[in-house]
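Bear in mind that the values in this text are calculations on the coordinates, not laboratory data. Because the structure is a prediction, the values reported are computed rather than measured. A quick note on method: Cβ atoms are made from the backbone with ideal geometry, for glycine too, and the neighbour counts reach across all protein chains shown.
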Amino acid sequence: MVYIYVLYSESAKKHYVGMTENLKKRLSEHNAGKSTFTSAFIPWKVIFFEMASNYKEARIREKYLKTAAGKKYVQKQIEGGFTGSLPA
């Protein structure tokens, strides 16, 4: 499984969309400053995620979530009570 995720930095009021096979590890990497873009806006928290069965599907979904329509979709999910927790 591949996770497509949206991170949020409260201090910078910024979002970041990415994909990974290990969401907990990737979040730790973002918060440890191991990603060029996200290192300037630590700390990050996962505000939304979805799963895809492979990288091809995940990349398509990731690209969508980076569009204006995708951003509206994520916002609507969050306002509707998205309560996803990080996978075990």
Farthest positive-ward along the chain dipole, Cα basis, beta-carbon charges - from Phe49, Val6, Thr67: Thr67
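Could you list the GluC sites (Glu not before Pro) in segment 3-88 that lie in coil according to DSSP, counting only those with at most 13 other Cβ atoms within 10 Å of their Cβ?
Answer by residue number: Glu10, Glu21.
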Please report the antiparallel percentage of DSSP beta bridges with both residues in segment 2-79, rounded to the nearest 5. 100
Whole-Hz Karplus couplings 3J(HN,Hα) for segment 14-29, θ = phi - 60° and coefficients 6.51, -1.76, 1.60, Gly and Pro as x, run 10, 10, 9, 10, x, 9, 6, 8, 10, 5, 4, 5, 5, 4, 4, 5
